[in-house]
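> Input: one structure, supplied below.
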Amino acid sequence: MRLLGVDTGGTFTDLVYFNGQSVRTHKELSTPQAPERAILRGIAALEIDPRGLHIVHGTTVATNALLEGKGARTVFVTNHGFKDLLLIGRQTREELYNLTPREKHSLFDPQLCLETGGRVDPKGNTVAPLTDEEIDVLVGSIEKLNAEAVAVCLLFSFIDSRFERALKAALGTQYFVSISSEVLAEYREYERGLATWINSYLGPVMQGYLSRLGRELPDSQLSVMQSDGLTLRTAAAERNSVRLLLSGPAGGLWGSLRTGESVERTKLLTFDMGGTSPDVPIIDGDFNLTSRGKIAALPVAVPMLDIHTIGAGGGSIAWIDEGGLLQVGPDSAGAAPGPACYGQGGRHATVTDAHVVLGRLPPDCKLAGHLALDRIAAERVVDNLAGRLHLDLQACAQGIVRIANEQMAQALRVMSVFRGHDPKAFTLVSFGGAGGLHVCDLAQSLHIREALVPSHTGVLSAFGLLAAPSGKEVSQSRIQLLEACRSQELEDVFTQLEQRIAPDLEAQAASSYQLKRELDLRYQGQSATLRLPWLDLASTAPAFHKRHQERYGYALDMPVELVNLRLTATATDTPDLPLPRMARSEPGVAFAQTRLHELTQDVPVFRRCDLARDQAVGGPLIVIEPQATLYVAPKWTALAQDSGCLLLKRTE
């Protein structure tokens, strides 16, 4: 099987091609207005025959559409008396004590919120029927609103979905229709309704994008990465757009996991730093999933990888705030015009420009393997900023890098220290085009003595897409005390979940799937839940007490309550991608010298392909490769591993 991993980022589109024996990589400047253009250019640059090609895509289209409010015109339908459900939400305030908060633009138009009958109570009994007359009135109202999509969320439909299914049938194929019992069959009306609305809001956008890409590549098979780290074929992905919001970053975790396994490291604190926004997840033997993620300040209750994202990428713009202090991000120069050093007319100083000024990106270094650096342009924009701050050029560049480092270090603390993990027990994994320039500084900030720079580090997310299995997760709320549950009742629910998930799995290329059954549990009276594997009733409660003790530092002598049942199907025949091996046996030597201004000395520059297996090189030095650059700081040593990655160790 020939595979192509494509990760579309805000600045670059990364491609990794596997022909069954070897891997080739490429970076292409992204084309945000039509992301498929960069993909097609990358395929042409790699000289790939698209016929019979299986493409696995990590895309930011869904996320960008939600962040920018560019989704479809969507009607929200719920029961009588609840049309303000999405507008009211949880009534939470970001600024609790601000009596005059700024009014924020809402994505929800009250004119597009409609009410109807078909209401059931928490036990599934009919409170208000859904008549044919009500259906006709509702359909007519939707027609008058010129809607493109419809989201239906009726109360307690996760218990009885017949009224939602009736409305979906009545609406036909004229609109993109989502019903909450299919999108997220869980309690909490606001979160379930919001997930359903997002699914419809993004559905036509993703359908249009994936259809355009499919038309350009008619003889290829296309799969899309989901937020939970599993891939789906396009037909199923289009129906599940809300599950694509972390599509791109998910690939990096699979790449990190494979890299860690190659050197027997399973506790990994990772950061993916590209041009726009670094993503920070943690791996402790396996990925962490959350149902409490947020995108654009909206809670997204579908399962997604637990990732913390900040606006401090290589293209993040440095600026001066009202108090005269230097700030970095979250605004980014993006792919066009990009940082000034790209030579495309960028007028703002960015983190990448600061690295050029400091010498960490040598003059003969080419970004993405082909983009020549414009050092003069970088110095000009940084110097303009330095003049306004009354600093010299190098001091200003150092300040930009230090602020970006601190923002990323804080994000790493959120995912480790704030979750009860000691960073010193983890190996820091950096990837993305800009990650290697910051890895030593970040490790020192967190007192981590070991870091890992994968092979294909600049395109690791695209590489990880190829290592990700296909699959999907479904869930069902069933709230009752665990001691009142019966094993056969739970088995029956899992059987129903298997039937629900079957249609989406039939279109996948996998021949077999592994089914994982899990429960969401909590102490009676709590709100938050913990996810545990389902084995049997006798062992479930003790396992929950133990997990609660590990997570929160205490366990309670209280009844345990079941909240949700979850079923995850994961393909078992994912191709085993080869990690590149260090081919050289003779130690390589530096091919150039460059000046690092903060050290006031020249340091050696190595090509990564010239390093031999088990060769150790001590910092300070620069290691360049086609898609990324690594800065090895003083008191750090880089040891080339047989698997192709570099293991960094602090020597003091």
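> Which of the residues belonging to region 441-471 are out of contact with any strand residue (DSSP E or B) (no Cβ under 8 Å at 6 or more places or on another chain) and over 22 Å from THR234 (Cα atoms)?
ASP441, SER445, HIS447, SER455
> Answer yes or no as to whether GLU483 is free of Cβ contacts under 8 Å to residues at least 40 places away in the same chain and open to solvent by 10 Å² or more (accessible area, probe 1.4 Å).
Criteria not met by GLU483.
> If you don't mind, there's one more thing I want to ask. Residue by residue through region 186-201, note down the ones that are closer than 21 Å to SER527 by Cβ and open to solvent by 10 Å² or more (accessible area, probe 1.4 Å).
Result: GLU186, TYR187, ARG188, GLU189, TYR190, GLU191.
> Quick check: is even one residue across region 387-396 open to solvent by less than 10 Å² (accessible area, probe 1.4 Å) and either without any contact (Cβ under 8 Å) to a residue 12 or more places away in the chain or under 21 Å from PRO249 (Cα atoms) (or both)?
No, the conditions are met nowhere in region 387-396.
> Just to be sure I understand the filter: pairs with C-beta atoms under 7 Å, separated by 6 or more residues or on different chains, first member in region 520-549 and under 19 Å from GLU491 (Cα atoms), second member in a loop (DSSP other than H, G, I, E, B) and open to solvent by 40 Å² or more (accessible area, probe 1.4 Å). Which pairs pass?
Pairs found: ASP520/THR529; LEU521/THR529.
> Hey, another quick one. If we keep just the residues of region 310-327 that are open to solvent by less than 60 Å² (accessible area, probe 1.4 Å) and more than 17 Å from GLY10 (Cα to Cα), which is farthest from the chain's Cα centre (by Cα)?
Filtering region 310-327 for residues that are open to solvent by less than 60 Å² (accessible area, probe 1.4 Å) and more than 17 Å from GLY10 (Cα to Cα), the one farthest from the chain's Cα centre (by Cα) comes out as GLY324.
> Give region 351-390 a look and list any residue that's of a type in the set (S, T, N, Q) and either in a loop (DSSP other than H, G, I, E, B) or touching a helix residue (DSSP H, G or I) at 6+ places or on another chain (Cβ under 7 Å) (or both), or say none.
Answer for region 351-390, where residues must be of a type in the set (S, T, N, Q) and either in a loop (DSSP other than H, G, I, E, B) or touching a helix residue (DSSP H, G or I) at 6+ places or on another chain (Cβ under 7 Å) (or both): just THR352.
> Right, another one. Quick check on my filter: what residues within region 583-626 are in contact (Cβ under 8 Å) with a residue 60 or more places away in the chain and open to solvent by 20 Å² or more (accessible area, probe 1.4 Å)?
Matches in region 583-626: ALA592, ARG595, HIS597, GLU598, GLY619, ILE624, GLU625, PRO626.
> Taking region 637-649 as the search range and keeping residues that are within 30 Å of the chain's Cα centre (by Cα) and part of a strand (DSSP E or B), which one is surrounded by the fewest Cβ atoms within 10 Å (Cβ to Cβ)?
LYS649
> Name the single residue that is nearest to the chain's Cα centre (by Cα) among those in region 414-425 being crowded, with 17+ Cβ neighbours inside 10 Å and either at pLDDT 95 or above or not hydrophobic (A, V, I, L, M, F, W, C) (or both).
SER416
> On the given criteria, is SER106 among the polar types (S, T, N, Q) and either modelled with pLDDT of 95 or more or within 22 Å of GLU182 (Cβ to Cβ) (or both)?
Considered against the rule, which asks whether it is among the polar types (S, T, N, Q) and either modelled with pLDDT of 95 or more or within 22 Å of GLU182 (Cβ to Cβ) (or both), SER106 comes out as no.
> Same structure, new question: Within region 549-558, does at least one residue satisfy the condition of being closer than 22 Å to VAL242 by Cα and open to solvent by 10 Å² or more (accessible area, probe 1.4 Å)?
no
> To continue, here is another question. For region 110-185, which fully contained helices (runs of 4 or more DSSP H) count at least 3 residues that are open to solvent by 40 Å² or more (accessible area, probe 1.4 Å), within 24 Å of GLN499 (Cβ to Cβ) and modelled with pLDDT of 95 or more?
162-171
> Something else: State which residue pairs qualify: first residue more than 19 Å from ARG413 (Cα to Cα) and of a type in the set (Lys, Arg) and inside region 246-272, second residue open to solvent by 20 Å² or more (accessible area, probe 1.4 Å) and modelled with pLDDT under 85 in any location, beta carbons under 8 Å apart, and separation of 6 or more residues or different chains.
So the pair list comes out as ARG258/LEU579.
> Taking into account only those residues within region 518-548 that are over 28 Å from the mean Cα position of the chain (by Cα) and among the charged types (D, E, K, R), which is surrounded by the fewest Cβ atoms within 10 Å (Cβ to Cβ)?
ASP536
> Restricting attention to region 297-309, does a residue exist that is farther than 30 Å from ALA443 by Cβ, part of a loop (DSSP other than H, G, I, E, B) and open to solvent by 20 Å² or more (accessible area, probe 1.4 Å)?
The answer is yes, given that some residue of region 297-309 is farther than 30 Å from ALA443 by Cβ, part of a loop (DSSP other than H, G, I, E, B) and open to solvent by 20 Å² or more (accessible area, probe 1.4 Å).
> Out of all the residues in region 224-283, which are open to solvent by less than 10 Å² (accessible area, probe 1.4 Å), closer than 30 Å to ARG613 by Cβ and part of a strand (DSSP E or B)?
Answer for region 224-283, where residues must be open to solvent by less than 10 Å² (accessible area, probe 1.4 Å), closer than 30 Å to ARG613 by Cβ and part of a strand (DSSP E or B): LEU268, LEU269, THR270, PHE271, PRO281, ILE282, ILE283.
> Oh, and also: Suppose we filter region 421-439 for residues that are touching a residue at least 40 places away in the same chain (Cβ under 8 Å) and in contact with a Lys or Arg (Cβ under 8 Å, 6 or more places away or on another chain); how many remain?
Adding up the residues that qualify gives 6.
> For GLY334, state whether it is assigned to a strand (DSSP E or B), small (Gly, Ala, Ser) and out of contact with any Phe, Trp or Tyr (no Cβ under 8 Å at 6 or more places or on another chain).
No; evaluated as a whole, the condition is false for this residue.
> Just one of the numbered conditions (1) β-branched (Val, Ile, Thr); (2) open to solvent by less than 10 Å² (accessible area, probe 1.4 Å); (3) farther than 30 Å from GLU406 by Cβ is not true of VAL459; which one?
(3)
> Among the residues of region 429-447, count how many are surrounded by fewer than 23 Cβ atoms within 10 Å (Cβ to Cβ) and in contact with a helix residue (DSSP H, G or I) (Cβ under 6 Å, 6 or more places away or on another chain).
Residues in region 429-447 being surrounded by fewer than 23 Cβ atoms within 10 Å (Cβ to Cβ) and in contact with a helix residue (DSSP H, G or I) (Cβ under 6 Å, 6 or more places away or on another chain): 4 in total.
> Looking at LEU535, LEU567, which one is closer than 30 Å to SER470 by Cα, of a type outside the set (Lys, Arg) and not in a loop (DSSP other than H, G, I, E, B)?
LEU567
> Please enumerate the residues belonging to region 200-223 that are among the polar types (S, T, N, Q) and assigned to a helix (DSSP H, G or I).
SER200, GLN207, SER211
The values are calculated or read from the model by the stated rules, or taken from the named source; none is laboratory data. Worth saying up front: this structure is predicted, and the values here are computed from it rather than measured. With ideal geometry, Cβ positions are generated from the backbone for all residues, glycine too; neighbour counts draw on all protein chains shown. Note: areas computed on protein heavy atoms with side chains; ligands, DNA, RNA excluded. Shrake-Rupley method; radii C 1.70, N 1.55, O 1.52, S 1.80 Å.
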